[in-house]
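The values are calculated or read from the model by the stated rules, or taken from the named source; none is laboratory data. All values derive from a computational prediction rather than experimental measurement. Here the Cβ is made from the backbone with ideal geometry for all residues, glycine too, and neighbour counts use every protein chain on show. Ligands, DNA and RNA are excluded from the accessible area calculation, which covers all protein heavy atoms including side chains. Shrake-Rupley method; radii C 1.70, N 1.55, O 1.52, S 1.80 Å.
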Protein chains: 2
Amino acid sequence: MAAESELNTGVLLFLPYRALENRIFAVLAESGHEDVTPAQARVLQRVGPDGTRLTELAEQAQITKQTAGFLVDQLEKAGYVRREPDPSDRRARLVCLAEKALAAKEIADGVVAEVEKEWEEHLGRRRMKQLREALTALREITDPWA
Amino acid sequence: MAAESELNTGVLLFLPYRALENRIFAVLAESGHEDVTPAQARVLQRVGPDGTRLTELAEQAQITKQTAGFLVDQLEKAGYVRREPDPSDRRARLVCLAEKALAAKEIADGVVAEVEKEWEEHLGRRRMKQLREALTALREITDPWA
DNA sequence: GACTTTGGTCAGATTCTCTGACTACTTTGG
DNA sequence: CCAAAGTAGTCAGAGAATCTGACCAAAGTC
């Protein structure tokens with residue numbers, strides 16, 4: 001590692017990301033969702049409001065569709081998602097959020113809001129805004145689904 | 001997910017992080033380091049220039065010391081690290097970077113520099129600076145080892 | 001010197017992930 | 001309309017990564 005003040009941007013991005021994720025999992029566990037694993041969460045997070053196909057979940061989470069299937073099986077058994085037939089393609093099925101996932105999502109969103117508030121208090125409103133703005137702009141060249 | 005323009009800061013941090021990581025692994029694989037797995041890399045990344053204890057590696061990577069030991073075993077077999085006795089504590093051993101790891105690190109650093117340059121070109125010098133500055137400040141409240 | 005903490009290992013189980021092979025449905029180009 | 005090619009998903013089996021629990025040896029504390 002270089003001198004303390006010169007960490008590369010990757011590490012700099014990762015540190016707050018992980019801090020946030022840790023906070024979310026801690027609160028989720030406290031509120032009766034200790035059964036969601038990080039791997040499952042990475043898939044669950046990507047299920048859209050109208051359902052999402054397995055293949056699409058796999059792509060976005062950067063895992064194989066077999067792995068995605070495995071994780072969705074578990075999420076289904078645990079009551080977080082349902083699989084419904086896709087009306088537009090009989091091969092496909094849509095993974096949809098169930099009640100339990102919506103409740104968990106609400107809790108997670110609350111933690112995110114809380115942490116974002118803490119960050120804004122630490123950075124000041126102006127720098128927080130600059131941060132979000134720069135990251136949003138960066139998305140244009142780093143997010144394949146932007 | 002919310003409207004496109006309103007992604008939470010966690011996702012916003014994660015997207016560029018993963019893009020960078022993917023680039024690093026791609027180049028590393030091309031240059032004869034296809035044997036380092038992501039899990040190993042997360043440990044390897046945290047080995048300091050003067051060697052680092054297993055327990056410390058485990059803490060920083062947020063894995064158990066058993067897992068860390070398992071990964072270091074593999075890195076050692078693959079020639080990326082050595083284990084040397086810690087002169088200050090006869091129980092402990094220091095995990096030290098070997099030649100092969102230094103070479104890989106040089107390559108990785110090159111990719112990071114390249115990607116940072118691309119980002120700066122996209123954002124402009126000013127916003128890139130603001131981004132790094134905000135992230136560095138955030139480290140004060142999100143990095144337990146800051 | 002007994003007690004507690006800390007650094008690390010061993011053993012075994014579980015979870016996550018992958019590759020390869022396969023079925024069923026859809027799309028496309030005559 | 002039909003054959004070929006592509007896409008959605010599953011099954012089977014293997015390998016990688018991770019954990020918990022039990023343990024040993026050296027350090028630190030009273």
Discussion item. Placing unit charges on C-beta atoms (Lys and Arg positive, Asp and Glu negative, everything else neutral), compute the dipole magnitude of segment B:4-139 about its Cα centre in debye, rounded to 20.
Written reply: 440
Practice prompt. Give me the distance between the Cα centres of segment B:98-119 and segment A:30-68, rounded to whole Å.
Written response: 31
Practice prompt. Provide the buried accessible surface between chains A and B in square angstrom, both chains summed, 1.4 Å probe, rounded to the nearest 100.
Written response: 4700
Worksheet item: Which lysines have a Cα lying under 25 Å from the Cα of B:Lys100, excluding residues fewer than 8 positions away in the same chain?
Response: B:Lys65, B:Lys77
Worksheet item: Is there a simple number for the mean count of other chain Cβ atoms within 10 Å of the Cβ of residues in B:110-122, and what is it?
Response: 2
Practice prompt. Only Cα pairs under 8 Å and at least 6 apart count here; give the relative contact order of segment A:21-142 as a rounded whole percent.
Written response: 23
Worksheet item: Could you list log10 I(q)/I(0) for segment B:38-90 at q = 0.15 Å⁻¹, which the Debye formula gives when each Cα is one point scatterer?
Response: -0.36
Worksheet item: With a sphere of radius 14 Å drawn around the Cβ of B:Ala39, what net charge do the other residues whose Cβ falls strictly inside it have (Lys, Arg +1; Asp, Glu -1)?
Response: -1
Worksheet entry | Position B:Arg90, label points 7 Å along Cα→Cβ, spacing to each other copy in nm (shortest first, one decimal) | 7.6
Worksheet entry | Gain in span if fully extended, B:Asp89 to B:Leu102, counting 0.36 nm per residue against the direct Cα distance | 2.1 nm
Worksheet entry | Efficiency of FRET from Cβ geometry, B:Glu34 and B:Arg125, R₀ 30 Å, rounded to 0.05 | 0.30
Worksheet item: Shortest first, in nm, what separates the label point of A:Glu140 from those of the same position in the other copies (7 Å along Cα→Cβ)?
Response: 3.1
Fill in: Estimated FRET transfer efficiency when R0 is 35 angstrom, pair A:Glu140-B:Ile141 (beta carbons, to 0.05)
0.80
Worksheet item: Inter-copy label distances at A:Glu116, 7 Å along the Cα→beta-carbon direction, one decimal in nm, shortest first?
Response: 2.8
Fill in: Net charge over other residues, Cβ less than 11 angstrom from the Cβ of B:Leu20 (K, R count +1; D, E count -1)
-2
